[in-house]
Every structure is written in C-alpha cells, then in structure tokens.
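Please read the structure below before turning to the comments.
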Amino acid sequence: MTTTDRDETRSRDGLASQAVITAEIERIREEDARSVVPRTQPRIDFAPYRSSILRHPTKDLHQADPETIELASPVFGHQDVKPLEADLTIQQNGEPIGERIRISGRVLDGDGRPVRRQLVEIWQANAAGRYVHKRDQHPAPIDPNFTGAGRALTDDEGTYSFLTIKPGPYPWRNHRNAWRPAHVHFSIFGTEFTQRMITQMYFPGDPLFPLDPIYQSITDQHARDRLVAQYDHDSSEHEWLLGYRWDIVLTGSHATWTERDGGTDHV
Amino acid sequence: MSDDATAGALVPTPGQTVGPFFHFGLPYAGGESLVPTSHPGAVRLHGTVTDGHGDPIPDAMLEIWQADEQGNISTEPGSLSRDPYVFTGWGRAATDAAGHYRFTTVNPGATDEGSAPFISVCVVARGLLNRLFTRAYLPEDAASLAADPLLSSLDEERRPTLVGTREEGGALRFDVRLQGENETVFLQFPRHDA
Ligand SMILES: [Fe+2]
C-alpha cells in the first residue's frame, strides 16, 4: 500500500472523505451567510449531497401566481385514514424493539392558523437504522414487528400524534463513513396545493448534525433548528414512552396574502 | 416559535429530500388511478423523469391535483380508499425502474372562464432537496394557452416544457427534466421562501 492509497481526500472506493464534505458544507454556508436575506429552505443546488448534482434544476424557479386549482387542496377523511394507522407499534404481531416514543405537534399555516383535518404521513427506519425497503442494504437487523410507515389526520386544532419507536442512524454511500442522523420522514398537506411539504424531523442533540449534507443543505442555523423536535416531558408517559414535540409551519396561504397585499378578490 | 413571528407571519419549516426509501411509506395501491380505466373519459397521463445527463430517475414520485372534466374542483375525500365512482382530483405515482410514471385520469376542464386547463404537478426524488411544483397544460386550446399568464411570461423555448403532448389514442405525455437540455420550468409561488 502506498501513501496515495491513504489519501485523505478520497478513499480507494472513490468516495470523498468526511473532511472534504465538511469543508464543502462550510464553504457554502459562509457564502450564504454573506447574503442579506437568510435562506429558510434547503438549497437544491448543494453538491456535498452528491445525488443532488444531476438532479437539481439549474434555472431559477419561475415566479407564478397560483391559479384556482393550486389554491385548493385534496381532502382526506376517515375512509382514507384509520386511527390505528397512527400507531406504528401495533402493525405486526408483537412489540417492536426500541425506545417507544410519541411524536406530536401542530400543523400551522404561515399565519399561525391550524391546518385542520389534513393528512400527515410518516416513514422511518427501525431502531437499528434499517428500512423495510428492498434497496436498503445496511447489514442491520430487520425487526419483524416494525414496518415504519404511518398516517394520521390532524384534528380541529391542527394537532397530529404518532406512536412509534425511535429510529436509529444509518450509513449511506454519499461519502466515506457517511451516517444519517436519526430522522423520521414527514409528508404534509395544507389547505392549498402550493403548501405541499416533504421533509424530515430530527432528534435533539444528534452528534451527526454537523456532518450530514442533507441536514446542512439548509445553510441557516435558525432554519435548520426548525427540523429538530423537542423532548417534551409533559407528553412522556409514566413507565411507557418518551414524548417529542414538533410543530410544522407551512407556507402562508394565498387567500390571506391577497387580502393583506391589497388584492381585490376577497374585499 | 414566537421568535419567528414577524408581522404575524411564521417562518415555514424547511423541506428535505424524500430520500430513496419512500416506496413503503407514500405510494399506495390505486394511487395512480384517479378514475378506473373503464371510465368513458379515462386518459393515460404518463412520462419519464430524467436527470442532467438525460438518464431516467427510478426513485422519483409525482403527485397530480386537478379539476374534473367540467372544471370543478373536487372537495370529496377518498383519494386513499378510492371509490371508483368518486372523483377526488388527486393522485400519486412513483417512477418505475425506467424512470417512467403513469396515471389514469381525465382531461381537466377550465376552472375559470377562458383559462387554459392544466394539471398541477408536484415532483419529489432522491437527490432533490425540496419538492418542486410545475404544471402540465393540455395542448388543445391554442387561444387559452396563448393568453395564459404563466406561459406568456416564459421565453418561447421554455414554454413547451409545460405543455403535454397528445399521443395517438388520446394519452397525454408529460416528461419532467430536472436539469439540462429542455429543463422543465418549475414554479415558485408568492410567500414561498427560497
Ligand atoms: Fe431516511
């Protein structure tokens, strides 16, 4: 083995080192820090996440006023989502292995109004960091008692609640020794189709945060913090589970925007 | 969350990529069928999602949201349970190993007098850090297409990326190119932060 085989920047499998990825993340963050308006959404052009390189639009998003259909949203009801679908611990015959948790919070629009009776979907890895997915090759055990997908409707206060187990971190091939911080994937609808959101919720204090190019694609610290749930002792249950709280804010609805900005549609 | 409040407006939660493992969480049986294939107005809407090299993307997902043939917007629940007699206007389909997606739906009618009918499209994929919005316009009504505020605000060479192609037999073809030559026009609405 020569010294070049131990090259710090690139391992023999062609993957960049964490140090290279971290340096790229920091360079882009510093660049964005100089901008006057902080970005609140992820950059879609973010090379440290290697799979994004060929999959992000290179042209600017085109400003458009929403039309009638985009100002409405699909409606979901009790025929679509059964209450038990919000409990990911009872989908098989036995108890899944892991830390039992409840994740709850509210879905609000950008004006702070609750999004009522709307669909929230989640999917996640098991406690060992393994997905029930044929493409997941991580050699960690599959839990026969855990699938990891759930659905819920928000209530009249916009509140959702899932019973699940805490997912484990898992390795991926973005770079050498790359590990995703533990997360739960979320899919959320608003009252307008323009508010559609797909995101990931993280757990507080994860040491993998600074190393993860997906989380770090949001270059503003305050914005990144919005993806981290809070441990909530009030929703923990005696000898049963730990509670996490995570509120979700969608983009503002345009009905209000039109009113506030002097549009005539609703006057 | 009060520290985010400025003039009553909250800062939206950031999006993140859908990742590679969404198939057991999001797609569902019947998701691609807004109407049964036996519906008299059934139309196949399909296309390929490609990357900056023109290669198909096998781990993307599209959602469509549209009016019915008369231009009415459904307020009916049931998109996940799919009663074939109820049109909900919403569907979801993942791309297959060839990057191809397909829906069975109807041609939407105009939602407003003289407006150009289109299907609202939301695209997610592994490698795509936030969801993208676009529109699939029906190609037929040249006058309404020419008068459409969005289409007329676009350079002539980019406009066709938003207009579906009618195939023999009535299918509507709508390809999504995330990057590169003929890159699809993706939309940003007011109150969407960058
Ligand atoms: Fe994941």
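Just a few scattered comments:
- Count of region A:136-170 residues, restricted to those that are within 13 Å of another protein chain (Cβ to nearest Cβ) and either closer than 14 Å to A:Gly98 by Cα or within 15 Å of the ligand (Cβ to nearest atom) (or both), is 12.
- Of the strands (runs of 3 or more DSSP E) lying entirely inside region A:155-225, those carrying at least 3 residues that are within 14 Å of A:Ile248 (Cβ to Cβ), out of contact with any helix residue (DSSP H, G or I) (no Cβ under 8 Å at 6 or more places or on another chain) and at pLDDT 95 or above are A:183-188, A:197-202.
- Residue under evaluation A:Pro66, criteria (1) farther than 22 Å from A:Leu250 by Cα; (2) crowded, with 18+ Cβ neighbours inside 10 Å, criterion not met: (1)
- Within the option set B:Gly25, B:Gly47, B:Gly19, being at pLDDT 95 or above, farther than 22 Å from A:Arg50 by Cα, buried (at least 18 other Cβ atoms within 10 Å of the Cβ) and within 16 Å of the ligand (Cβ to nearest atom) holds for one residue only, B:Gly25.
- Of the strands (runs of 3 or more DSSP E) lying entirely inside region B:72-162, those containing at least 3 residues that are farther than 30 Å from A:Thr219 by Cβ span B:90-94, B:100-105.
- Pairs where the first residue, in region A:180-207, is touching a residue at least 60 places away in the same chain (Cβ under 8 Å) and farther than 15 Å from A:Arg224 by Cβ and the second is of a type in the set (S, T, N, Q) and within 13 Å of the ligand (Cβ to nearest atom), C-beta under 6 Å, 6+ apart: A:Val184/A:Gln124; A:His185/A:Gln200; A:Phe186/A:Thr199
- Residues that are more than 7 Å from chain A (Cβ to nearest Cβ) and crowded, with 19+ Cβ neighbours inside 10 Å, drawn from region B:64-85: B:Ile64, B:Asp68, B:Ser74, B:Arg82
- Unique match (being at pLDDT 95 or above and over 22 Å from the mean Cα position of the chain (by Cα)) among A:Pro74, A:Pro48, A:Pro144: A:Pro144
- The residues of region A:171-195 that are away from the ligand (no atom under 16 Å from the Cβ), under 30 Å from A:Ile21 (Cα atoms) and among the charged types (D, E, K, R) amount to a single one, A:Arg176.
- Among the residues making up region A:102-128, those that are away from the ligand (no atom under 16 Å from the Cβ), farther than 18 Å from A:His254 by Cβ and in a strand (DSSP E or B) are A:Arg102, A:Ser104, A:Gly105, A:Arg106, A:Leu119, A:Val120.
- A:Glu30, sole failed condition from (1) modelled with pLDDT of 95 or more; (2) assigned to a loop (DSSP other than H, G, I, E, B): (2)
- Counted residues, region A:77-93 - those being in a helix (DSSP H, G or I) and of a type in the set (D, E, K, R): 1
The values are calculated or read from the model by the stated rules, or taken from the named source; none is laboratory data. This one's a predicted model, so the numbers in the text were calculated from it and none came from an experiment. Every residue, glycine as well, gets a Cβ built from its backbone with ideal geometry; the counts of neighbours run over all protein chains shown.
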